[in-house]
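Each remark here refers to the structure printed beneath this line.
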Amino acid sequence: MSGGSIAALVLGGLTLVWLIATFNRLVGLRQHLKESWADIDVELKRRHELIPNLVETVKGYAAHERTVLDRVLALRVRAMTDHRDVSALAADESALMRGVRDLFAVVENYPTLKADRHFLALQTQLALTEDRIAAARRFYNGNVRDYTVLRQSFPPSLVASVFRFSEPVGYFELASDAERVVPRVGV
């Protein structure tokens, strides 16, 4: 074997190893995206389960605030529906959290409700859930960033396009006013 053919064989082998490593990295990042989205989904479902309990607790104290309570429940239903993409889900979750903010504004008018143990426990659970959603969202968005960078970088973009890793993945971003809704429980 001549030196040129050995060099071509080594170069071909290195190219094949790089191709396999890049493909495997894309597969791994896509799996991390699915896993991190599942984490967000679990916490969103937990939030969706807590909200009716909050509304029912507030109903007992503030029956005449029916429009706010009904609106929060309607927003919850909308947020729970299947979404075509991450940005549509983020928009519905932002609207839901603005509705929860309005619910907490109603609570401010009822000192007895603010002191109710059941309400405080629900508020604490919701605050913890919001913290977990924020952490899961950061993890997911970090995976989106890594996947997008690898998918768009050259030469891995060639592997991504050949093996159909070219679909864009959206970040899970909430409106900034929805992020400020997170209930904080006073000590």
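The values are calculated or read from the model by the stated rules, or taken from the named source; none is laboratory data. The shown structure was predicted, so the numbers you read here are calculated from the model rather than taken from an experiment. Neighbour counts run over all protein chains shown; Cβ positions are idealised from the backbone, glycine included. Each accessible area value is taken on the protein alone, full model and side chains, heavy atoms only, with ligands, DNA and RNA left out. Shrake-Rupley method; radii C 1.70, N 1.55, O 1.52, S 1.80 Å.
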Open item on the list: Please list, in order along the stretch 156-161, the HN-Hα scalar couplings obtained from phi with the Karplus expression 6.51 cos²θ - 1.76 cosθ + 1.60 (θ = phi - 60°), rounded to whole Hz, x for Gly and Pro.
Closed with: x, 4, 5, 5, 4, 6
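Over the chain, give the accessible area per residue in Å² for a 1.4 Å probe, as an integer.
Details: 10710 Å² over 187 residues.
With the other protein chains kept in place, the chain gives 57 Å² per residue.
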Task: Quotient of C-alpha Rg and 2.2 N^0.38 Å, computed over the stretch 1-60 - done: 2.50
TODO: Taking the Cα centre of the stretch 1-153 as origin, sum charge times position over the Cβ atoms of Lys and Arg (+1) and Asp and Glu (-1), and report the length of that vector in debye to the nearest 20.
DONE: 220
Task: Modelled FRET efficiency - R0 45 Å, E173 with V10, Cβ distances, 0.05 increments - done: 0.45
- [ ] Could you tell me the largest-minus-smallest coordinate of the C-alpha atoms of the chain on each of the three principal axes, in descending order and whole angstroms?
- [x] 90, 32, 22
Open item on the list: I'd like the accessible area for M80, computed on protein heavy atoms only with a 1.4 Å probe and all protein chains in place. Round to 10 Å², please.
Closed with: 100
Task: Of all accessible heavy-atom area on the stretch 39-187, the percent that carbon and sulfur account for (1.4 Å) - done: 54
TODO: Please list the non-local residues whose amide H lies under 5 Å from the amide H of G170, H modeled 1.01 Å from N, same-chain partners needing a gap of 5 or more.
DONE: V86
Task: Residues of type lysines that K114 reaches as a straight line, Cα spacing below 20 Å, ignoring anything fewer than 8 places off in the same chain - done: K59
TODO: Would you mind calculating the gained length between D131 and M1 on full extension (0.36 nm times residue separation, minus the Cα-Cα distance), in nm to one decimal?
DONE: 40.5 nm
TODO: Kindly identify the stretch 10-97 as rounded, prolate or oblate by the Cα gyration tensor criterion: order the square roots of the eigenvalues as a ≥ b ≥ c, call it rounded if a/c is under 1.5, otherwise compare a/b with b/c, prolate if a/b is larger, else oblate.
DONE: prolate
Task: Per-residue [θ]222 nm for the chain (sum of -39500 (n - 2.57) over DSSP H runs n ≥ 4, rounded to 500) - done: -27500 deg cm²/dmol
Task: Positive dipole terminus of the stretch 1-146, leading residue within T129, Q31, V58 (C-beta point charges) - done: Q31
